[in-house]
Amino acid sequence: IQGHVFKFCIFHNMRQLIDDLLDLAKIETGKMTLYREPFDAIEVLRELGATMHTLAAHNGNTIRIAATPHEAALVSDQTRFRQIFANLISNACKFTTDGEITVDTETFTREGADWLRFRVRDTGIGMTPAQLDSVFEAFVQADSSITRRFGGTGLGLAICRRLVELMEGTIGCDSI
């Protein structure tokens, strides 16, 4: 039985790598199509937090969705929005032990238009300034010891950045 589970894990990781490469290629070549539809971003985040509870619990973490306002009507690609936050929350869970991952939102006005800012915060290991400079680059990971310890391909955050840009937003990262 362990051999089958192990094979599945390899297949799953390879499948994820292939999917990530295909997404990145579509974005880079301008062939990624966004399907705009109305949805409540806060509700999507709550559903995602509930779905990812088991992943968080694996390292003794909790996920808290602290969204204000309580509703946020968007017209955007719900699937890609979910993909972005699944990746951000997953990364936060991976690099945090016995801590908390918090997703919060706030409204603000820019040039007369209402905007939403989303933040994913964690109590994890943090990053150095050098790591922060390249965190959204494809195939870049903190260093080989981090890669060996935590795994990953270095594509998730690069895809997040490009998807956010396609949605006409911005993404950044701080470590405190």
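The values are calculated or read from the model by the stated rules, or taken from the named source; none is laboratory data. Predicted, not measured: the structure shown is a model, and the values here were computed from it. When the accessible area is computed, the model is the full protein with side chains, heavy atoms only, and any ligands, DNA or RNA have been set aside. Shrake-Rupley method; radii C 1.70, N 1.55, O 1.52, S 1.80 Å.
Ignoring ligands, DNA and RNA, how do 95, 85 rank by accessible area with a 1.4 Å probe, largest first?
Solvent-accessible surface, decreasing: 95, 85.
At 1.4 Å probe size, with no ligands or nucleic acids counted, give the accessible surface of residue 118 in Å², nearest ten.
About 60 Å², rounded to the nearest 10.
If 31, 94 are ordered by their accessible area, calculated over protein heavy atoms with a 1.4 Å probe, which sequence runs from highest to lowest?
Descending accessible area places them as 31, 94.
Suppose we look only past 23 Å in the calculated P(r) of the range 29-127. What percent of the Cα-Cα pairs does that tail hold?
Roughly 31 percent, once rounded to a whole number.
Please work out how much accessible surface residue 40 shows to a 1.4 Å probe, ignoring ligands, DNA and RNA, in Å² rounded to 10.
Its heavy atoms expose roughly 50 Å² to the probe.
Tell me, what HN-Hα J-couplings in whole Hz come from the Karplus equation 6.51 cos²θ - 1.76 cosθ + 1.60 at θ = phi - 60° for each residue of the range 84-93, using x for Gly and Pro?
Karplus-based 3J(HN,Hα) across the range 84-93 equals 4, 6, 4, 5, 5, 5, 4, 4, 4, 5 Hz.
Mind grabbing the accessible area of residue 170 for me, 1.4 Å probe, Å², rounded to tens?
Accessible area of residue 170: about 120 Å².
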